[in-house]
Structure formats: structure tokens, C-alpha cells
Amino acid sequence: MAKAPFNPGSDRIFINAYIYNGKKDLKPPSFENKIENNGNMYLQKSLLWQSEPYPFDVIRWMCHIDENGREHNWTAVDGQYKRTFRQQNSANIKVKLKSPMANEYYQGRDAAEKGINRKDLYDKAVFATDKELQRFDYPIKSGYYFNPAGEYKITLETVTYKPVAGKTKDHENLVNALINSFRYETDLIYITDRREAVNINNNPVRSIGGKLQKEPGSVSVMNNQSVNGINLLTIDTSYKSDFEEVKYSSVSGGFTDERWKQVMEGYSESGTLDSRDNFKYREYVKEGQSMYKITETTEITIKVNKDNINFYTHAHMPDGEYYIRVWMADINLASNNFTSINNAYNLLGTLKGIVPLDEIIITVKGSMYDDTN
């Protein structure tokens with residue numbers, strides 16, 4: 001057996017390890033939270049709000065460096081911190097008078113102004129033909145029919161971001177709220193098939209000293225019964241949607257949408273490009289996750305008395321001015337209807353209605369009995 005002397009001793013090797021695991025918190029992108037044109041006179045309004053936060057997993061690519069400084073064996077490693085996806089959500093509301101009351105009553109009003117007494121021309125209401133009454137916008141005599149009429153259109157388009165493509169409660173709840181905000185209001189006094197004096201809600205009208213009293217009433221989808229129990233409002237809706245996947249690549253050099261880059265470290269879009277430049281640190285979306293831009297559009301058509309059923313005014317309705325007003329009520333976005341499903345726009349407060357959306361003033365002078373004497 002060969003032997004050789006061995007001098008005991010030790011060598012010291014100094015290894016510097018520089019480790020950077022990313023920032024725990026990134027400055028989130030800034031988005032608007034407001035309602036534009038939020039006044040009673042605007043037929044078009046916009047809601048802007050920050051989307052719900054969606055945490056997601058990221059990876060980073062790490063490698064070995066040999067003695068010559070060459071990089072090799074790149075490996076995907078889970079990021080130490082989750083990131084949070086946020087984006088700008090929006091809703092655009094457009095309200096249109098598809099057939100306002102002025103259009104609906106034009107034929108009958110024009111015939112009365114010309115003194116024409118053909119019954120077929122008075123399709124929606126019987127207007128007085130007396131020359132001295134033509135100075136009024138809508139002169140009538142009590143006891144004849146004055147049918148509710150009008151057609152209105154509401155278009156709602158929402159843009160939201162969700163991890164799953166499909167119909168959203170954000171859109172559905174706004175559609176229902178807009179429909180429920182519609183009102184048809186009047187203080188005209190009607191007569192039922194049972195000869196009772198009622199208001200538009202089919203509620204009895206008081207008589208004081210033998211004189212019928214005005215009892216304004218309003219009809220909505222939630223309270224739709226009117227004179228003789230007739231449902232006054234008819235709702236038709238059409239819906240369409242579009243889904244855009246917010247794309248990404250988990251591979252260095254692949255395409256990643258800037259909406260992801262805004263919330264990951266190592267990109268100019270998030271203000272953290274220095275992490276890549278100084279530490280070669282850049283994050284990528286881990287595979288198996290998704291995000292969609294969801295655009296939904298619903299067109300709502302509201303028809304008043306679509307079958308043109310005759311609504312007879314009471315023959316003893318007193319002379320004077322009466323009104324018919326179509327309007328939309330305020331919508332409290334912070335109500336339980338919205339907060340119960342955690343819609344992010346509930347922080348916007350109250351979406352103002354439209355008052356009035358449509359309105360006419362009716363002048364009652366005399367009754368049908370004057371025409372039979």
C-alpha cells in the first residue's frame with residue numbers, strides 16, 4: 001500500500017449570493033370611480049368604477065451562471081407574492097323617446113284643430129274641436145277616452161373584467177334597476193267598468209262637496225296594474241355579449257397584454273422596469289389562469305298601453321289643467337339589491353333619474369254632456 005505525507009490545513013472560498021425575490025407590494029394602477037352626466041336632465045349617463053380585485057399567481061425565470069458568466073438551465077419558479085388584477089369597468093346608459101306622447105296624440109290633435117269629426121282619426125284620444133279651445137296644447141272634454149300611449153328605449157352597455165366568461169350580475173342588476181325605475185304618472189281621473197271614479201292606479205278618488213279630487217298616481221313595472229286592472233307597461237329586451245380574453249404568455253419573450261403588465265413587477269407599465277434592469281427580475285402570469293373583458297349590451301323597449309285599450313275619463317272630472325309625465329326614478333347603487341352580490345359600482349352612490357323624460361299638459365273644459373245638448 002502506497003503512503004504519502006499529508007499536511008493538514010483548510011482553504012476558504014467566499015461566495016457572494018445576491019437574492020432578489022421581488023417587491024411585496026406594487027403601486028396599483030389608478031382608475032376612475034364616478035358617474036358622468038349624473039343629473040336629472042341628461043338622457044345619456046356613464047358609470048366608471050374600478051373592477052373587483054382578482055389575485056393571481058406569477059412565476060419568474062431563474063438560471064445558473066457558469067464561471068464564464070454564461071446563463072443556462074433557465075427554470076420557472078413560483079413568485080413569492082401573489083399579484084392582483086384590476087381594470088376600468090364602465091356602463092353607458094342611453095335613453096331615447098322612441099315615440100313620445102306628442103307623436104302618439106298628433107293625429108287626433110291635428111284633426112281637432114282642423115275641426116274634423118271623423119272618429120277614426122281620434123285613435124288615442126278625443127280632443128275638443130271648439131275653436132276657442134285650440135289655444136291649449138291638448139284640450140279635452142271629460143267623459144271621452146284618453147288612452148295612455150308612448151314608447152321608450154333604454155340601451156345599457158357594460159364593460160367588466162372577470163376570470164370567467166359569461167353573463168354578469170353587474171349587467172343584469174343594472175338592467176333590472178333601469179326597468180324598475182320607469183314611471184308613468186298622471187292626475188287624470190278615470191271611470192271603471194263598474195262606474196267608479198279612480199286614478200291611474202285604479203284607486204278610488206275622493207269626492208269633497210260633490211267635486212272629484214285629483215289623486216296623482218304612477219305606474220311602474222313593479223306596480224303595473226292600472227284602470228280596470230289592466231297592466232299598463234310592456235317590456236321587451238334584447239341581449240348580446242362579447243368576450244375578449246386578456247392574453248398572456250408565461251414564456252420570456254412571448255406576448256403579454258399590457259393590462260397584465262400593469263400589475264406585475266419588471267415592466268414599464270407598472271413603473272417597475274428597474275427590477276428587470278437592476279436584478280433581471282420580471283414576473284409572468286402562471287399558466288392555467290384567465291381574465292376576460294366582457295362587453296354586454298341590453299336594449300330595453302317600454303311600451304305604454306301597447307294594445308291601445310280605451311281609458312275613459314270620468315264625466316265629472318273638474319275643469320282645469322292635468323298632466324301626464326313619464327320619468328325615471330333615482331337608483332341607489334348602494335342598496336341591498338347591489339351590495340348583496342358585491343358589485344364594485346355600489347360605491348358610486350346614487351344614479352340620478354330623468355325628470356321628466358316626457359310630459360304633456362291636458363286642459364279639461366266642459367264634459368261630453370255639452371256635446372249632447
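The values are calculated or read from the model by the stated rules, or taken from the named source; none is laboratory data. These figures come from a predicted structure and were not determined experimentally. We place every Cβ from the backbone using ideal geometry, glycine too, and count neighbours over all the protein chains shown.
Tabulated results
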| read-out | value |
| --- | --- |
| Every residue from region 265-284 that is touching a Ser or Thr at 6+ places or on another chain (Cβ under 6 Å) and not hydroxyl-bearing (Ser, Thr, Tyr) | Glu265, Gly266 |
| Test result for Arg282, more than 30 Å from Asn21 (Cβ to Cβ) and basic (Lys, Arg) | no |
| Residue within region 54-65 that is under 30 Å from Val263 (Cβ atoms) and not in a strand (DSSP E or B) present | yes |
| Gly166 vs. criteria in contact with a strand residue (DSSP E or B) (Cβ under 7 Å, 6 or more places away or on another chain) and at positive phi | no |
| Selection status of Asn228, surrounded by fewer than 15 Cβ atoms within 10 Å (Cβ to Cβ) and among the polar types (S, T, N, Q) | no |
| Pairs where the first residue, in region 1-27, is surrounded by 10 or more Cβ atoms within 10 Å (Cβ to Cβ) and the second is at pLDDT below 75 and not in a loop (DSSP other than H, G, I, E, B), C-beta under 8 Å, 6+ apart | none |
| Residues of region 82-104 that turn out to be more than 21 Å from Thr160 (Cα to Cα) and surrounded by fewer than 17 Cβ atoms within 10 Å (Cβ to Cβ), as a count | 7 |
| Residues of region 66-82 satisfying the condition of being among the charged types (D, E, K, R), at pLDDT below 90 and outside any strand (DSSP E or B) | Asp66, Glu67, Arg70 |
| Boolean, Phe279 is without any contact (Cβ under 8 Å) to a residue 12 or more places away in the chain, surrounded by fewer than 20 Cβ atoms within 10 Å (Cβ to Cβ) and not charged (D, E, K, R) | no |
| Conditions (1) over 23 Å from the mean Cα position of the chain (by Cα); (2) over 30 Å from Tyr54 (Cα atoms); (3) surrounded by fewer than 16 Cβ atoms within 10 Å (Cβ to Cβ); number of the one not met by Ser249 | (2) |
| Condition met for Pro163 (of a type outside the set (Ser, Thr, Tyr) and closer than 30 Å to Gly288 by Cα) | yes |
| Tally, over region 282-311, of residues that are polar (S, T, N, Q), touching a Pro at 6+ places or on another chain (Cβ under 9 Å) and crowded, with 20+ Cβ neighbours inside 10 Å | 1 |
| Within region 140-238, strands (runs of 3 or more DSSP E) holding 2 or more residues that are in contact (Cβ under 8 Å) with a residue 60 or more places away in the chain and farther than 23 Å from Pro356 by Cα | 151-162 |
